[in-house]
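Accompanying notes for the structure given below.
The values are calculated or read from the model by the stated rules, or taken from the named source; none is laboratory data. These numbers come from a predicted model, not from an experiment. Cβ: placed from backbone, ideal geometry, glycine included. Neighbour counts: every protein chain shown.
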Ligand code: AMP
């Protein structure tokens, strides 16, 4: 079995040994409830680094909604079983007190790219992400860190933070892993009822249609309004946002001469799903 470390001291000791031998260290930060999307990041890390650490930490600071935090799936034993065949070197799964001991008083806050979309809808979310990711980089001393494009805005926030703070870690963004029907894999998908699960792929399908319409020359209002109507007609209760953005800055844009991204958040059966695609 893979060793599961609980303390920063134990993690530091093992990393010190690797570094002394000149080995490169990769980290895959997760909140557990692992699925094939997470495992694809682990595989990328295995291919790119001598040693791989998977962190499992349901970070209370990035949840703006206490019931979402309480309901977040926690499946550590199953997670360890999924990681075993991939020959991960260690799993770091600390308790909240280990990460945020008494007196903890520092917040890493990224402006600009963290402000719109998830940043405005989930107050404090990206402060929580930036703070914990900075801490995980300090704890693991990773040379490379692997993040999913599934959380596109998060990936841009982490890239901005690493550049701004001169953190000595290379950020690798990995493709979104999807179910065969197009639904982006997510730990929250287990909360979908059978009927909501059937409806859920309509989000990705609607997004692809909007992207194709824009590329075909439709005005963005038309492309977005039609897609939103299809997504709602399929059974989604709400579409929080469906928006074309510059892929790097996340400013509103329909400039097809630059990398463009379509990002969405929508509710189905009481579960909030997010997704994004290249346009
Ligand atoms: P989470 O456990 O949801 O915080 O996700 C941990 C990491 O896995 C993040 O970098 C996510 O972007 C990434 N991830 C989550 N779902 C997917 C997916 N379907 N495909 C690729 N990466 C993913």
Let me confirm something: among 258, 232, which residue is away from the ligand (no atom under 16 Å from the Cβ), free of Cβ contacts under 8 Å to residues at least 12 places away in the same chain and more than 20 Å from the chain's Cα centre (by Cα)? 232
Does segment 143-152 include one or more residues that are modelled with pLDDT of 95 or more and part of a loop (DSSP other than H, G, I, E, B)? yes
Could you go through segment 40-50 and let me know if any residue there is under 16 Å from residue 147 (Cα atoms), crowded, with 19+ Cβ neighbours inside 10 Å and near the ligand (Cβ under 9 Å from one of its atoms). yes
Please name all residue pairs, on different chains or six or more residues apart, with Cβ atoms under 7 Å, provided the first residue is in segment 167-182 and is under 15 Å from residue 275 (Cβ atoms) and at pLDDT 95 or above and the second residue is part of a loop (DSSP other than H, G, I, E, B) and more than 7 Å from the ligand (Cβ to nearest atom). 181/201; 182/201
From the list 60, 101, 73, which one is at pLDDT 95 or above and within 16 Å of the ligand (Cβ to nearest atom)? 60
Looking at this structure, is residue 83 in contact (Cβ under 8 Å) with a residue 40 or more places away in the chain, under 16 Å from the mean Cα position of the chain (by Cα) and crowded, with 20+ Cβ neighbours inside 10 Å? no
If residue 2 satisfies all but one of (1) modelled with pLDDT under 95; (2) in a loop (DSSP other than H, G, I, E, B); (3) over 18 Å from residue 140 (Cβ atoms), what's the number of the condition it fails? (3)
When residue 178 is evaluated against the numbered criteria (1) touching a strand residue (DSSP E or B) at 6+ places or on another chain (Cβ under 7 Å); (2) farther than 17 Å from residue 62 by Cβ; (3) more than 10 Å from the ligand (Cβ to nearest atom), which criterion, by number, is the only one it fails? (3)
Within segment 181-261, which helices (runs of 4 or more DSSP H) (wholly inside it) include 2 or more residues that are farther than 30 Å from residue 33 by Cα? 202-215, 220-234
